[in-house]
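Structure, as structure tokens:
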Amino acid sequence: MLPLTLAFLKKLHKNNDRDWFKEHKKEYEAAREEFSVLVTALLEYFIHKIDPAFSSITAKDCIFRLNRDIRFSKDKTPYKTYFSAVLHPDGRKTEKPIFYLHIAPNDNSFLAIGVYQPNKNYIKKIREEIDYNADELKAIFNKKEFKKYFDGFSEMENGVLKTAPRGYPKDHPNIELLRFKHFIVEKSITDKELLSDDIAQKIAEIAIAGQPLNDWLNVVWEEVEG
């Protein structure tokens with residue numbers, strides 16, 4: 001379903017400059033439209049299978065710009081070499097638990113579910129919930145459908161504290177969960193899968209299997225707001 005997207009991103013990786021991009025703008029527009037069709041299809045699945053509130057947004061509300069913010073970066077290449085989108089009824093700027101779709105060639109695509117960089121109050125509440133009742137979270141991780149795709153929180157770069165968070169003992173029975181700074185699970189997606197006609201359905205199935213984690217995180221979020 002994403003042949004134009006993968007082909008364009010492979011070329012962009014080798015030619016990441018504005019002159020090349022300008023010459024190949026039609027290829028970019030075709031790739032972006034193809035990605036937008038996938039996001040739109042996913043939103044349709046989510047409306048019927050996860051939450052009718054997804055009907056309030058369009059693919060445009062979800063998809064990030066390709067331009068990089070290079071103001072404070074040593075890397076001055078102007079464009080990201082991947083397409084990405086956040087699927088949530090509040091749009092891509094929400095602080096709530098999300099579905100994040102990342103499309104990059106050479107089998108570097110994935111779907112992430114959960115909350116990335118939760119704010120100070122939110123991460124405090126998440127850790128309190130783990131401290132009080134980690135069994136509920138562990139039960140989600142142990143569900144058959146969840147385990148089919150995920151293996152606990154993702155240990156992304158700089159995503160885990162080296163020691164216990166403030167206020168918790170190093171020998172806490174759930175210290176391995178408390179040390180996370182992001183509460184995300186990830187499922188990789190191959191290029192072959194992205195080229196299949198049923199990729200939207202496959203990604204939706206992954207999302208549905210991971211939704212119990214977002215449900216759990218949403219309950220905690222309501223306590224923060226509340």
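Points worth noting:
- Failed condition for SER36, given (1) closer than 18 Å to PHE110 by Cα; (2) among the polar types (S, T, N, Q); (3) exposed (fewer than 15 other Cβ atoms within 10 Å of the Cβ): (3)
- Highlighted here are the helices (runs of 4 or more DSSP H) found entirely within segment 1-111 that include at least 3 residues which are under 23 Å from THR190 (Cα atoms), modelled with pLDDT of 95 or more and in contact with a helix residue (DSSP H, G or I) (Cβ under 7 Å, 6 or more places away or on another chain): 3-14, 25-49.
- Sole exception among (1) more than 15 Å from THR77 (Cα to Cα); (2) open to solvent by less than 70 Å² (accessible area, probe 1.4 Å) for LEU4, by number: (2)
- Selection count, segment 45-70, where residues are more than 24 Å from ALA209 (Cβ to Cβ) and open to solvent by less than 20 Å² (accessible area, probe 1.4 Å): 1
- Subset tally (residues that are free of Cβ contacts under 8 Å to residues at least 40 places away in the same chain and farther than 16 Å from ALA31 by Cβ) for segment 73-89: 7
- Residue match in segment 90-97 (condition: open to solvent by less than 50 Å² (accessible area, probe 1.4 Å), in contact (Cβ under 8 Å) with a residue 12 or more places away in the chain and of a type outside the set (S, T, N, Q)): yes
The values are calculated or read from the model by the stated rules, or taken from the named source; none is laboratory data. Computed from a predicted structure; not experimentally measured. FYI the Cβ positions are ideal-geometry reconstructions off the backbone, even for glycines, and counts take in every protein chain you see. When the accessible area is computed, the model is the full protein with side chains, heavy atoms only, and any ligands, DNA or RNA have been set aside. Shrake-Rupley method; radii C 1.70, N 1.55, O 1.52, S 1.80 Å.
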